[in-house]
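Please treat every number below as a calculation from the coordinates, not as lab data. If you're wondering where the values come from, they're calculated on a predicted model, not measured in any experiment. Cβ placement follows ideal geometry from the backbone for every residue including glycine, while neighbour counts extend to all protein chains displayed.
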Amino acid sequence: MSLFVTLFADLLVAVLLTATIITSLRLSKRIGQLKGDEAALRSTIGDLMVATHNAERAITGLRSALDECDRTLADRIQSAQTCSTTLAGGVEAGEAVLSRIAAIVTGARTAPAAPRPVEVRPEPTVEASSKPAPAVAEGPNGERLGAAAAAALAMTERALARVRARAA
């Protein structure tokens, strides 16, 4: 029996040794795969770190661009508010002028028109026609007012000349 027990023990040791060798080979293969995966993982981690760094730089750039846009927008809003205030003042002034003109026109329409007597003046001489033009108010419309006054004076002189010609 001792031969069977020894043989059985040797056989059991051989089977266990074979199982250990097979398990060791499998573990060795897995360790090799893990080392390959580790290298790929390190490469992936390095790529992620580079991408993170680039993203941080991009975020910094976007923040500075956002700050610049904010400043520009604030300046434009301030400028628009100034223009709006100026335009509002101009509109109010225009409405006031328009209401005054409307009041003048309404007053002129309702006032009775009385015929004016025609005054006959002696014929103007060279000295009279060379009278200086009426004083012109200084301002943005001064030239227009001067031209209108000169035209009115010329029309008056022509009308007087016609009246004198009819009277004679």
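At a Förster radius of 41 Å, what calculated FRET efficiency corresponds to the Cβ-Cβ distance of residue 64 and residue 86, to the nearest 0.05?
With a Förster radius of 41 Å, E is 0.75.
Per residue of segment 161-168, in order, report the coupling 6.51 cos²θ - 1.76 cosθ + 1.60 (Karplus, θ = phi - 60°) as ³J(HN,Hα) in whole Hz, putting x for Gly and Pro.
Couplings: 5, 5, 4, 5, 5, 6, 5, 7 Hz.
Assuming 0.36 nm per residue, please report the length gained on full extension of the stretch residue 159 to residue 33 beyond their Cα-Cα distance.
This chain segment gains 33.5 nm when fully extended.
Rounded to the nearest 0.05, what FRET efficiency is calculated for residue 77 and residue 57 with R0 set to 25 Å and r the Cβ-Cβ distance?
0.25
Grab the Cα-Cα distance for residue 14 and residue 152, subtract it from 0.36 nm times how many residues apart they are, and report the gain in nm with one decimal.
The residue 14-residue 152 span can extend by a further 36.0 nm.
Can you sort 3, 98 from fewest to most other Cβ atoms within 10 Å of each residue's own Cβ?
3, 98
Using the Cα gyration tensor of segment 15-114, with a ≥ b ≥ c the square roots of its eigenvalues, what is the shape: rounded (a/c below 1.5), prolate (a/b larger than b/c) or oblate (neither)?
Judged from the Cα gyration tensor, segment 15-114 comes out prolate (a/c at least 1.5, a/b above b/c).
Label points 7 Å out from Cα along the Cβ direction at residue 168 and residue 2: separation in nm?
It is 17.9 nm.
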